[in-house]
Amino acid sequence: MKKYIFLTLFAVMSFTISATAQSCCSSKEKTGCTKKSAPEETSSANVEAKVNLVSTVSSNTDKTEKFTVYGNCGMCEKTIENSLKDVEGVSEADWDKDTDEMTVTFNPDVITLDTIKQKIADVGYDSDTHRAKAEVYNSLPGCCQYERPKD
């Protein structure tokens, strides 16, 4: 009986979380999906939780850098952050979709900032210094295809 109650509560909570966490790219019609323009005002209903991805324990030698990564939506955010999820030497990765600002904490003795930016470009997202290959960018979902900066 306890197992049945637990499974029922787990299913209800999972459904609730997934229903509220869907990105703009989840529907086949893409009707609510628009390219990013001016930043929106935030309200209590528009607040989102940030997930910091940790792949290694940070040390005293860790360095935090901020740089621009272009993207549009929550799906972009998930892909960009996940590109660094299991990367050795990266202890934290957070991309802000409203400002296009990427914040990465990493151990420079293990990985370089250049390598970090290349890993993001490898999944289709341009940064201030690295450009994604055209075929990778073109394979992104429509709502994730941001206006690319000029070469």
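The values are calculated or read from the model by the stated rules, or taken from the named source; none is laboratory data. Remember, it's a predicted structure, so these values are computed and weren't measured experimentally. Cβ atoms come from the backbone with ideal geometry, glycine included; neighbour counts cover every protein chain shown.
If the condition is being of a type in the set (S, T, Y), farther than 19 Å from D128 by Cα and either loosely packed, with under 13 Cβ neighbours inside 10 Å or at pLDDT 95 or above (or both), then region 39-87 contributes T42, S43, S44, S59, T61.
When A132, A121, A93 are screened for being assigned to a helix (DSSP H, G or I), surrounded by 13 or more Cβ atoms within 10 Å (Cβ to Cβ) and among the small types (G, A, S), only A121 passes.
Close contacts from region 120-132, counting a first residue that is at negative phi and of a type in the set (G, A, S) and a second that is assigned to a helix (DSSP H, G or I) and buried (at least 21 other Cβ atoms within 10 Å of the Cβ), with Cβ to Cβ under 7 Å and a gap of 6+ residues or different chains, come to S127/K117; S127/I120.
May I ask you to list the residues in region 104-151 that are at pLDDT below 95 and aromatic (F, W, Y)? Listed by number, the list holds a single entry, Y146. Being in contact with a strand residue (DSSP E or B) (Cβ under 9 Å, 6 or more places away or on another chain) and within 17 Å of G124 (Cβ to Cβ) is the filter here; which residues of region 80-99 pass it? If the condition is that a residue be in contact with a strand residue (DSSP E or B) (Cβ under 9 Å, 6 or more places away or on another chain) and within 17 Å of G124 (Cβ to Cβ), then I80, E81, N82, S83, L84, K85, V87, A93, W95 are the ones that fit.
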